[in-house]
Structure formats: structure tokens, C-alpha cells
Amino acid sequence: MTNALQLADQIREGDTVRVPFPDARTTDIDPYDIAHVALRALVSDEFTGRVLEVTGPEALLPADRVRILGEALGRDLRAVGLEHEETRAEMEAAGVPKPYVDAFFAFFVDGTLDEAVVLPTVHQVTGRAPRTFARWARDHADAFR
């Protein structure tokens, strides 16, 4: 969820937010939930030797996240999807190494990784549902003002 902080400058400057990979749903997770899963795994022998893959509770499009951020800020934000060429150019201009850029395109354009699958791990390990993006947005609204 903290990757949404990359949108903060755009949101402070206006109501239109340019987003890469507009058709890619992801199950972003709150770092709070990552920490709680890690804590339980570290203090319990129950999870020894297991890989605990964690996700948030919902698969959202970039436009969903922008809308939710707008609700948290009391603003009507609008997401505009970048063309793939624009995304690649912006990533490269920002200094993202080419193998990482290629990996993002493989994941989100070619579909080699499905980030839209909601997993029950947070609930299974902590006994409670993972936090929603709406909650994260409300908790971090000041970072976007």
C-alpha cells in the first residue's frame, strides 16, 4: 500500500493522477499486516520452514486506489492510465534498471504473474482480516495533502 505514496506529488498538484498499468489488479498489503505476520512467524514454531505469502483483502485497479485516496482526502480524484510506452519511458527516466522495467512489463502486461489473487494468510496467521486500502488511505491522508 505504501507504493501509493508515489502518487503524492501528483495528488498535491491536482485532481488528475496518471497511473501506470491501468488494467492490472493488485492485492496491495498494509505494512502493518506484514509486520504482524512476521512477528507471529518469529515467535511461534508453528510457521517454521513455511513461506508465508501475504496479500491485502481486495484486488484493486490503480483507478480504485486513486478513487479511495480521493475519498480519504474529500476530493474527486481521477485516474488516467498511461500508455505502455509512456510507462516504460517514465520508469527508465526515473532510473529504474532495465531488468526491473522488463519484469514489471512481464508481470502486468504479459500476465506472467497474477497479483490479483487474495490469499488468506494474514487471517490464518494473525486471526484477523488484513487491513483495507481505504483504512490505509485514511491513516496516511496527511502524506497526500
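Observations
- Search result, residues across segment 50-66 that are of a type in the set (Val, Ile, Thr) and either part of a helix (DSSP H, G or I) or more than 16 Å from His123 (Cβ to Cβ) (or both): Val51, Val66
- Annotation: of all residues in segment 12-31 being surrounded by 15 or more Cβ atoms within 10 Å (Cβ to Cβ) and either among the charged types (D, E, K, R) or part of a helix (DSSP H, G or I) (or both), the one that is farthest from the chain's Cα centre (by Cα) is Arg18.
- Taken together, Ala24, Ala79, Ala63, Ala35 contain a single residue that is touching a helix residue (DSSP H, G or I) at 6+ places or on another chain (Cβ under 9 Å), under 22 Å from Val117 (Cα atoms) and not β-branched (Val, Ile, Thr), which is Ala24.
- Checked against (1) modelled with pLDDT under 95; (2) surrounded by 14 or more Cβ atoms within 10 Å (Cβ to Cβ), Val54 passes all but condition (1).
- Tally, over segment 49-71, of residues that are more than 19 Å from Leu5 (Cα to Cα) and acidic (Asp, Glu): 1
- Looking across segment 123-143, the residues that are over 14 Å from the mean Cα position of the chain (by Cα), in a helix (DSSP H, G or I) and in contact (Cβ under 8 Å) with a residue 24 or more places away in the chain come down to Val125, Thr126, Arg138, Ala141, Ala143.
- Among (1) closer than 20 Å to Trp136 by Cα; (2) more than 19 Å from the chain's Cα centre (by Cα); (3) in contact (Cβ under 8 Å) with a residue 60 or more places away in the chain, the one test that Phe47 misses: (1)
- Top-ranked residue of segment 84-122 - restricted to ones that are assigned to a loop (DSSP other than H, G, I, E, B) and in contact (Cβ under 8 Å) with a residue 40 or more places away in the chain, ranked as surrounded by the most Cβ atoms within 10 Å (Cβ to Cβ): Leu119
The values are calculated or read from the model by the stated rules, or taken from the named source; none is laboratory data. It should be emphasised that the depicted structure is a prediction, and the values quoted were computed from it without experimental measurement. Here Cβ is always computed from backbone atoms with ideal geometry, including for glycine, and neighbour counts include all displayed protein chains.
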